[in-house]
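The next block holds one structure in the form of structure tokens; read it before the comments.
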Amino acid sequence: MATTTTAISVSTLNGRHHKTALTVFMVIVVAHWAEHLVQAVQVYAWGWPLAEARGVLGVPFPWLVTSEWMHYGYALIMLVGLVLLRKGFTGSSRTWWNISLGIQVWHHMEHLLLLLQNLSGLHLMGRPVPTSVLQLIWPRMELHLFYNAVVFAPMVVAMLLHRRAGSHSGATCTCAVAH
């Protein structure tokens with residue numbers, strides 16, 4: 001009796017599984033983005049002190065907010081997702097996806113810098129806590145709202161363009177919506 005195994009490769013992720021992979025990826029991205037938005041609401045709308053404003057999951061699990069490993073892991077997942085799913089995009093949707101990828105490369109480097117400082121105990125510019133480059137001029141919560149917005153916006157534009165049948169020329173997936 002012969003058995004067949006279906007391996008998910010980069011080709012299948014960007015072909016017949018592209019729509020599913022993009023959906024899973026976007027659920028992860030939107031959930032993370034929602035955590036940052038909830039934290040901002042907790043601070044700016046509800047007046048919570050920053051130390052208590054930990055988003056939805058951070059309230060019952062405070063270590064999530066303070067874990068540099070968790071933040072770095074998410075930045076890495078974003079980077080890997082953007083790289084792995086890139087091949088499925090063509091034309092102007094690829095351009096927008098590449099913009100998101102480029103910004104995420106920087107965002108990832110900032111999180112790597114934070115993680116390395118956390119592990120070594122040596123902090124940028126002698127700061128008392130791990131500090132990213134742009135955090136030298138912008139508070140961390142607002143900076144990460146900004147990073148998530150500027151990575152998310154071109155990603156959404158890329159996906160909307162990608163789903164338009166007329167912009168889907170050369171793509172090997174079935175993401176396009178017929179008009």
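How many of the residues in region 12-35 are surrounded by fewer than 18 Cβ atoms within 10 Å (Cβ to Cβ) and either of a type in the set (Ser, Thr, Tyr) or assigned to a loop (DSSP other than H, G, I, E, B) (or both)?
Qualifying residue count for the region: 5.
Within region 4-16, is even one residue charged (D, E, K, R) and within 26 Å of Glu110 (Cα to Cα)?
No, that holds for no residue.
When the residues of region 36-52 are narrowed to those that are within 12 Å of Leu145 (Cβ to Cβ) and without any contact (Cβ under 8 Å) to a residue 40 or more places away in the chain, which ends up surrounded by the most Cβ atoms within 10 Å (Cβ to Cβ)?
Val38
For region 39-68, give me each residue that is among the β-branched types (Val, Ile, Thr) and modelled with pLDDT of 95 or more.
The answer is Val41, Val43.
Which condition does Glu110 not pass, out of (1) at pLDDT 95 or above; (2) surrounded by 16 or more Cβ atoms within 10 Å (Cβ to Cβ); (3) within 25 Å of Leu161 (Cβ to Cβ), if it passes all the others?
The number of the failed condition is (3).
Which pairs do you get when a residue that is more than 21 Å from Tyr74 (Cβ to Cβ), found in region 109-132, comes within reach of a residue that is among the hydrophobic types (A, V, I, L, M, F, W, C) and surrounded by fewer than 16 Cβ atoms within 10 Å (Cβ to Cβ), reach meaning Cβ atoms under 8 angstrom, with the pair 6+ apart or on two chains?
Listed pairs, sorted by first residue: His123/Val129; Met125/Leu136.
Which condition number in (1) in contact with a strand residue (DSSP E or B) (Cβ under 9 Å, 6 or more places away or on another chain); (2) not in a helix (DSSP H, G or I) is the one that Ala53 fails?
With respect to (1) in contact with a strand residue (DSSP E or B) (Cβ under 9 Å, 6 or more places away or on another chain); (2) not in a helix (DSSP H, G or I), Ala53 is out only on (1).
For region 76-91, give me the residue count where each residue is modelled with pLDDT of 95 or more, of a type outside the set (Val, Ile, Thr) and assigned to a helix (DSSP H, G or I).
The qualifying residues number 7.
The values are calculated or read from the model by the stated rules, or taken from the named source; none is laboratory data. Just so it is clear, the structure is predicted and the values come from calculations on it, not from any experiment. Positions of Cβ are generated from backbone atoms using ideal geometry, with glycine treated the same way; all protein chains shown enter the neighbour counts.
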